[in-house]
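The values are calculated or read from the model by the stated rules, or taken from the named source; none is laboratory data. None of these values were measured; they are calculated from a predicted model. When we count neighbours, we look across all protein chains shown, and the Cβ atoms used for this are built from the backbone with ideal geometry, even at glycine. What goes into the accessible areas is simple: the full protein's heavy atoms, side chains included, and nothing from ligands, DNA or RNA. Shrake-Rupley method; radii C 1.70, N 1.55, O 1.52, S 1.80 Å.
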Amino acid sequence: MLNAADNTLLTQVGPGTPMGNLFRRFWLPALLEEELAEPDGAPVKLRLLGEDLVAFRATDGRIGILDAYCAHRRVHLYFGRNEENGIRCVYHGWKFGVDGQCLETPSEPVDNGIARRVKLTSYPAAERGGVIWVYMGGDAPPPLPDFEWSRMPETQRTVTKRVQRSNWAQAVEGGIDSSHVSFLHKHNVKQPNPFKFQDSPLSWKYLELDRHPVFSVDDADYGLLINARRNADPGTYYWRVTQFLLPFYTLTPPTVDPDGCERAAYYGHAWVPIDDHQCWTWSFHASPHHVYSPEEREFLQGRNGIWGPIDERYYPTLNMDNDYGLDRDRQRRDNFTGIDGIQNQDAAVQESMGTIVDRSKERLGQSDLAIVRFRRLMLKLARELQAGQAPRAAAAGELFNVRPVTVLLPAGVPVAQGAARLMHAAATPQENLAPMPG
Ligand code: FES
Ligand SMILES: [Fe+2]
């Protein structure tokens with residue numbers, strides 16, 4: 001449980017809040033590149049950390065991410081015209097460049113110099129891995145987080161997103177809570193998927209042999225290592241190591257043959273706060289040694305794929321307004337929840353808590369260890385930043401170049417030691433293109 005003051009500290013992300021300040025030390029995934037595909041294309045509404053923004057790709061290809069509201073009389077610039085390297089407000093024609101500088105004030109009767117003195121807040125943007133990133137810190141941005149998936153060619157990486165109507169923290173807590181998988185997703189864990197080369201009977205054997213994994217959590221420079229240990233063959237443990245990376249990412253270990261982990265594809269997520277009551281759930285997939293077939297890409301990225309169904313604005317069409325498609329008959333017959341799809345099951349339970357769960361009323365158990373450690377870490381970092389100490393990981397992009405791990409180890413070998421080599425991601429995408437065995 002968390003007292004009310006700590007719950008507020010953990011969940012509030014608006015300008016000037018301690019957690020909001022912590023998030024503003026990091027680059028954030030803001031938009032998919034496909035949302036700003038064309039120079040002079042349609043501007044996009046963007047809300048992050050409780051701030052309303054507008055994003056556009058200018059004539060010369062640069063990206064502008066600005067305060068959404070026109071400096072003149074606060075009209076939303078989403079309605080603006082994206083033309084000739086700037087966005088022009090449709091109310092009185094004032095125009096702003098990608099750096100927020102007011103360029104023209106055509107409604108003024110004379111050139112009175114007002115344009116030179118007016119500048120909207122603007123945030124640096126960067127493009128990598130199919131994502132448009134934004135840095136909202138207000139100072140010089142650090143390096144981007146060097147995720148392996150973000151350096152993969154498009155043929156071996158997917159990225160997509162959908163809205164979740166809950167605070168970011170309870171979404172992250174779903175992502176690092178491995179014990180729910182055997183219940184909430186009971187009939188989905190082996191759902192058909194096109195990744196035949198990944199799906200290992202041996203991994204499933206170990207997962208099914210021991211349904212009560214022992215969890216341990218280690219600190220890491222980038223966040224936390226969450227280790228799940230299962231009994232395997234005599235004298236060995238089957239380990240699954242999930243990373244939590246600051247401030248809101250996870251990497252999910254693959255269900256491959258434990259000795260094939262080095263060449264395995266894996267998932268990752270990010271839960272990016274829109275405001276205190278909503279977040280974007282981003283899903284990534286990296287396939288270091290395999291180029292996707294069209295079916296695999298559709299499964300990973302399609303609007304009706306594993307993270308769907310979503311509409312053209314990336315909003316789930318199964319949502320709280322229609323009970324996520326809950327089918328009581330199926331719940332009785334063949335589906336633990338009666339809800340289709342892992343992502344919809346997660347959204348249903350996490351959104352059902354209310355947008356900000358009252359953590360003072362919880363009764364946590366031993367299997368909630370990772371959640372306790374996550375909260376403790378985030379509160380500590382927010383308080384340290386209040387005292388003037390910035391989070392080291394925010395400035396050290398190279399720390400993020402890691403992989404999740406599935407491995408069999410002799411009982412005496414500590415997981416930190418036994419999994420260390422497998423955690424290092426490839427240094428370059430070229431290294432990844434070695435052919436698959438068999
Ligand atoms: S409100 Fe935008 S130009 Fe007047
Ligand atoms: Fe889940």
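Quick notes
- Single unsatisfied condition, Asn335 versus (1) open to solvent by 20 Å² or more (accessible area, probe 1.4 Å); (2) in contact (Cβ under 8 Å) with a residue 40 or more places away in the chain; (3) in a loop (DSSP other than H, G, I, E, B): (1)
- For Asn319: the one exception among (1) open to solvent by less than 20 Å² (accessible area, probe 1.4 Å); (2) under 18 Å from Gly174 (Cβ atoms); (3) touching a residue at least 40 places away in the same chain (Cβ under 8 Å): (1)
- Members of segment 262-306 that are charged (D, E, K, R), open to solvent by less than 40 Å² (accessible area, probe 1.4 Å) and in a loop (DSSP other than H, G, I, E, B): Asp276
- Looking only at segment 147-199, and only at residues there that are under 28 Å from Glu295 (Cα atoms), acidic (Asp, Glu) and open to solvent by 10 Å² or more (accessible area, probe 1.4 Å), the one that is modelled with the lowest pLDDT: Asp199
- Subset of segment 288-331 (residues that are charged (D, E, K, R) and over 30 Å from Met423 (Cα atoms)): Arg303, Asp311, Glu312, Arg313, Asp321, Asp323, Asp327, Arg328, Asp329, Arg330
- Filter pass, Leu28 being in contact (Cβ under 8 Å) with a residue 40 or more places away in the chain and either within 30 Å of Gly388 (Cα to Cα) or polar (S, T, N, Q) (or both): yes
- Identity of the residue in segment 1-21, touching a strand residue (DSSP E or B) at 6+ places or on another chain (Cβ under 9 Å) and outside any helix (DSSP H, G or I), that ends up surrounded by the fewest Cβ atoms within 10 Å (Cβ to Cβ): Pro15
- Test result for Glu108, at pLDDT below 95, charged (D, E, K, R) and open to solvent by 40 Å² or more (accessible area, probe 1.4 Å): yes
- Of residues in segment 74-91 being part of a loop (DSSP other than H, G, I, E, B) and in contact with a Phe, Trp or Tyr (Cβ under 7 Å, 6 or more places away or on another chain), the one least open to solvent (accessible area, probe 1.4 Å): Gly86
- Contact annotation: residue pairs with Cβ atoms under 9 Å, 6 or more positions apart or on different chains, pairing a residue in segment 374-388 that is under 16 Å from Tyr249 (Cα atoms) with a partner that is open to solvent by 90 Å² or more (accessible area, probe 1.4 Å) and among the acidic types (Asp, Glu), are Leu377/Asp219.
- Within segment 45-59, the set of residues being under 21 Å from Phe26 (Cβ atoms) and crowded, with 19+ Cβ neighbours inside 10 Å comprises Leu46, Leu48, Leu49, Glu51, Leu53, Ala55.
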